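Notes follow once the structure below has been shown.
The values are calculated or read from the model by the stated rules, or taken from the named source; none is laboratory data. Since the model is a prediction, treat every value here as computed from it, not as a measurement. Heads up, the Cβs are rebuilt from the backbone with ideal geometry, glycines too, and the neighbour counts pull from every protein chain shown. Just so you know, the surface numbers come from the protein's heavy atoms only, side chains and all, with ligands and any DNA or RNA stripped out. Shrake-Rupley method; radii C 1.70, N 1.55, O 1.52, S 1.80 Å.
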Amino acid sequence: MSASIKEAFAAARGQGRCAFLPFVTGGYPDPELCLELMQTLDQAGADLIEVGVPFSDPLADGPVIQRSSQLALAAGATPGSVLELVARAAARVAAPLVLMTYVNPLLAMGTAEFAARAAGAGAAGVIVPDLPPEEAGPWLEAARGQDLDTVFLAAPTTPPERLARIAAVSRGFLYYVALVGVTGAELALDQGLLDGLQKAREVAGLPVAAGFGVATPAQARGLAAAADGVIVGSALMRQMLEAPQAKTGLAACQRLAQDLARSLGRA
Amino acid sequence: MSLPDEQGHFGPFGGRYVPETLMPALQELSRAYAQAKADPAFQAELAELLRDFAGRATPLYEARNLSRRLGRARIFLKREDLAHTGAHKINNVLGQVLLARRMGKRRIIAETGAGQHGVATATGAALMGMECLVHMGTLDIERQAVNVERMRMLGARVEPVEAGSRSLKDAVNQAIRDWVTNVGHTHYIIGSVVGPHPYPMMVRDFQAVIGREARQQALERTGRLPDLLVACVGAGSNAIGLFHPFLGDEVAMVGVEAAGHGLGSGAHAASLSAGSPGVLHGASLYLLQDQHGQVREAHSIAAGLDYPGVGPEHSLLKDLKRVRYMAVSDDEAVRAFMRLTREEGIIPALESAHALAALEHLAPELPEGAMVVVCLSGRGDKDLAQVAAYLEEQS
């Protein structure tokens, strides 16, 4: 049984460190290797693992996650198969699992059914990157009914009054988009970003995790000062995509994850 | 009726389903558009450009040879093919470049399928002295080479999109990603009545000039309103432009989708006839998808119809049964293309040829003396090589 998101952030904070949240594309390269990757990341120091439901038209994603999503779909991944994978992973990893899905696969399954199956699989929360609070009514109701945390995103372009509205519907943590762009783009770690994160933490009243473009331990460490958690997706998926074999990809992900976790203060 | 609502909903359709990064930009765009719409200076400048630059009003031409062959009705063609750049797309682009200038944006991006919207956008950007980049699928770059050249001549960069379908759907994905990345100084000119609010409303408003003119011209010419309007529907901009000013009248309307190789073949672009509601490119609408919510690739011989979704307002009009939607095949469209070329001396765009092909089905149902307006949304110069190759293949 997964620990809850709240406890995961509290545990990291108790140890005086920033939480590490790696992302994997569900079902990539195949279900077994994806499961192995989640276990590897868990052992390498993940505090929480995000599992992406591959989608044909991932608007918020850069080339790396577009590619891993396409390959997962080509390998037969569906929202249902990713939920099954989450159920298997939940029994094997300590870190809570959070699903990330674009809204259309969620609607195609039906919001109530998706929420029930996600909760049944042991997921602790769900992120829907193309569902702003304005359109989230039915989803919020379905997720609350299953005690699933609803993670919303805030961006550097989000004005303060909107930030409060986003925080009000967020549970578990707030996902702060660290750059103006798509996942895996080049991150400039400047004062503006740190100020934005600080502001988000003040308003949110719950942990704030920063993601998009975080690729190196140095970047993670730079964000740790202003965030409760750091999310890394494309950099890990790139290790898998560029590896000549899946095993070497897993080993590369393990090394990178260990380095990232250490840079965030894990002993 | 006054749709959409404040949040951009047309009944259960429309809305805003986008990454948070774009939400403030969409709110800013909504505000800027509302102000511009109410500003007589903006409207006057747009009207002048539409008249002197785009060549409006476009004629309402009575196609007598076509009417005679079909037998019963008087068929009028709304000649959007005679608008500057060769299609209705310029109507929307001129509105949006004026808006972009007003908002202080210096970079314009667009997606294009057939290249007509890309050419119109490149033209508008040249007029305004703005930087312009057009995202275009590599399949479309191959089949619409003439328009690619035109865009480049006009100073635009054409960015090839290799992903997925290599056509319009993935060009829109890439344009939205570009906008997410450059939202501070960039305005995204969506070419049709899709995308997040306010685009479906705003593009409709700019295209409604088609229907307003047609209405006035019909009244002047015949003293009454038409009985039937017919337009092709890819994502739906020329159709909504023609239909919208008549929605409150007793005028029948038919939207014609692309049936590609046939609705049963799976290779078509008929989202209303054979799709289901979902979310694509920021709005809730009818789209082609599998049972898991993965968006299917569309197919049409007409690159401008080769899109797996139809705008939210059309989606509602279908559910309300206010507009009848049907689909015609690649083959029917090519035959209609050839017929109009030989019969009237007008080479239509393959997109518009779908509307003409539907007439063959609709004419026998019409009462004697019925008056029909067909939107001839664009001219077919861009399609000559493709039609020639198609006919070669068939023979």
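A few remarks follow.
- Unique residue being open to solvent by less than 10 Å² (accessible area, probe 1.4 Å) and assigned to a loop (DSSP other than H, G, I, E, B) when the list is B:ALA110, B:ALA100, B:ALA120, B:ALA114: B:ALA114
- Any chance B:GLY104 is small (Gly, Ala, Ser), within 14 Å of another protein chain (Cβ to nearest Cβ) and closer than 30 Å to A:PRO133 by Cβ: no
- In segment B:160-198, the residues that are of a type in the set (Ser, Thr, Tyr) and within 13 Å of the chain's Cα centre (by Cα): B:SER192
- Some residue of segment B:319-335 being at pLDDT below 95 and either surrounded by fewer than 24 Cβ atoms within 10 Å (Cβ to Cβ) or more than 14 Å from chain A (Cβ to nearest Cβ) (or both): no
- Residues that are of a type outside the set (Lys, Arg), closer than 26 Å to B:PRO196 by Cα and open to solvent by less than 50 Å² (accessible area, probe 1.4 Å) are absent from segment B:62-72.
- The set of residues in segment A:1-30 being over 14 Å from the mean Cα position of the chain (by Cα), on the phi < 0 side of the Ramachandran plot and open to solvent by less than 60 Å² (accessible area, probe 1.4 Å) consists of A:SER2, A:ALA3, A:SER4, A:ALA10, A:ALA11, A:ALA12, A:ARG17, A:CYS18, A:TYR28, A:PRO29, A:ASP30.
- Residue in segment B:106-116 that is under 28 Å from B:ALA336 (Cβ atoms), out of contact with any Ser or Thr (no Cβ under 8 Å at 6 or more places or on another chain) and among the hydroxyl-bearing types (Ser, Thr, Tyr) present: no
- Within segment B:17-59, the residues that satisfy the criterion of being open to solvent by 10 Å² or more (accessible area, probe 1.4 Å), of a type in the set (A, V, I, L, M) and not in a helix (DSSP H, G or I) are B:ALA38, B:ALA57.
- Hey, B:GLY195 within 14 Å of chain A (Cβ to nearest Cβ), assigned to a loop (DSSP other than H, G, I, E, B) and either open to solvent by 10 Å² or more (accessible area, probe 1.4 Å) or under 22 Å from B:ALA358 (Cβ atoms) (or both) or not: no
- The residues listed here are B:ALA389, B:ALA357; of these, the one that is open to solvent by less than 10 Å² (accessible area, probe 1.4 Å) and out of contact with any Phe, Trp or Tyr (no Cβ under 8 Å at 6 or more places or on another chain) is B:ALA357.
- The listed residues are A:ALA77, A:ALA46, and the only one of them that is surrounded by 20 or more Cβ atoms within 10 Å (Cβ to Cβ), part of a loop (DSSP other than H, G, I, E, B) and away from chain B (no Cβ under 14 Å) turns out to be A:ALA46.
- Leading residue by the ranking (surrounded by the fewest Cβ atoms within 10 Å (Cβ to Cβ)) among those in segment A:169-202 that are more than 14 Å from chain B (Cβ to nearest Cβ) and in a helix (DSSP H, G or I): A:GLN191
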